[in-house]
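The values are calculated or read from the model by the stated rules, or taken from the named source; none is laboratory data. Keep in mind that what you see is a predicted model, and the values were worked out from it rather than measured. Note that we place each Cβ from the backbone using ideal geometry, even for glycine, and neighbour counts take in every protein chain shown.
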């Protein structure tokens, strides 16, 4: 049973263990990300970005096409066992990175690594509503957003120090250790009732995808995730080149701009989770207009301070939409359905990233940052139309 009577998620021992496990593996992933980029450059000097691009393509493909199977697998072996095995799979993949000497080896290990993530992350998210209860779930999601953003900053910072001190190969071993630590923590957690005996419709292949597309609340959650992928994809793909090539700033200005986005996301998600119903409705109405104004502003005004402020505002909107989207998932699903529904949402939302990444990269590379920004603003308007038609914002 969920521990709803407690006034904070931090008094819930099961949530604390799950959160610590996930946060540790996220920090490890941040450390490993920089090491993988350097490994790609080592394997193909001067063209490491191309190798890294292929590994990211593998990641998106697995998330889109294979993560819907996560719910079905959880029905058969149980959610806790699946999460532990997924962590161990990722641990093995990162350990083997230490010995990679050819591109095909990197691609194979990237497949194994991201397969583990596809089978871990949506199941982790599906467990949390039953652990903390409906009342505290928005706050748990906000703390999850905090973990994602802090892990990016902290993981990359620690990774940079470790690479400088001991070389990037050893970062793979450290990343593998974080996955082992995560598996050990999760192994000791008692989950909400296991639904393996109630396979019902949930055992059908792609059941979650059908539910996501068929229920209004779940479609709303998916639309919010797609909107985040538009503004987030633009920032992730184009900021480095824009700051260096179009604004003429030193390279270290790039992580500062991205940190502003992370800070905005963290603060807004935490604030939103503590708002009353009227405050949440207000946030829900203003985020999309803020997204649009942000994209138009950076397209019209090529200025670094404007970019930093715009990315902080954009990050705030992304943090709020993350809480709303996950809350809609929990509110419109039963406990036995959640592994399927969260897996389907994970896959379908990453399809949005799979479109925004190459689109923004192509437009920024061929036509410039402003053209990419205007295009993303237009895409946001298109996503808004069906929502206005239903009378929602």
Of the residues 123, 174, which single one is surrounded by fewer than 19 Cβ atoms within 10 Å (Cβ to Cβ) and in a helix (DSSP H, G or I)? 174
Counted residues, the stretch 97-113 - those being touching a residue at least 40 places away in the same chain (Cβ under 8 Å) and assigned to a helix (DSSP H, G or I): 6
Flag if residue 346 is surrounded by fewer than 21 Cβ atoms within 10 Å (Cβ to Cβ) and under 23 Å from the mean Cα position of the chain (by Cα): no
Go through (1) buried (at least 21 other Cβ atoms within 10 Å of the Cβ); (2) part of a helix (DSSP H, G or I) and name the single condition residue 333 misses. (2)
Can you find a residue that is crowded, with 22+ Cβ neighbours inside 10 Å and either touching a residue at least 24 places away in the same chain (Cβ under 8 Å) or farther than 23 Å from residue 178 by Cβ (or both) anywhere in the stretch 56-66? yes
Which one of the conditions (1) modelled with pLDDT under 90; (2) surrounded by 22 or more Cβ atoms within 10 Å (Cβ to Cβ); (3) closer than 30 Å to residue 333 by Cβ does residue 147 fail to meet, given that it meets all the rest? (2)
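Has the stretch 290-310 got any residue that is closer than 16 Å to residue 223 by Cα, assigned to a helix (DSSP H, G or I) and out of contact with any strand residue (DSSP E or B) (no Cβ under 7 Å at 6 or more places or on another chain)?
The initial filter retains those residues of the stretch 290-310 that are closer than 16 Å to residue 223 by Cα, namely 291-292.
Adding the requirement that they be assigned to a helix (DSSP H, G or I) leaves 291-292.
Keeping just the survivors that are out of contact with any strand residue (DSSP E or B) (no Cβ under 7 Å at 6 or more places or on another chain) gives 291-292.
Within the stretch 290-310, one or more residues are closer than 16 Å to residue 223 by Cα, assigned to a helix (DSSP H, G or I) and out of contact with any strand residue (DSSP E or B) (no Cβ under 7 Å at 6 or more places or on another chain).
Only one of 115, 52, 88, 136 is surrounded by fewer than 20 Cβ atoms within 10 Å (Cβ to Cβ) and either over 22 Å from residue 188 (Cβ atoms) or assigned by TED's automatic domain parsing to the domain that holds residue 9 (or both). Can you tell me which?
Details: 115 fails: surrounded by fewer than 20 Cβ atoms within 10 Å (Cβ to Cβ); 52 fails: surrounded by fewer than 20 Cβ atoms within 10 Å (Cβ to Cβ); 136 fails: surrounded by fewer than 20 Cβ atoms within 10 Å (Cβ to Cβ).
Only one candidate passes the filter, namely 88.
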Could you please find all residues in the stretch 249-280 being touching a residue at least 60 places away in the same chain (Cβ under 8 Å) and surrounded by fewer than 13 Cβ atoms within 10 Å (Cβ to Cβ)? 274
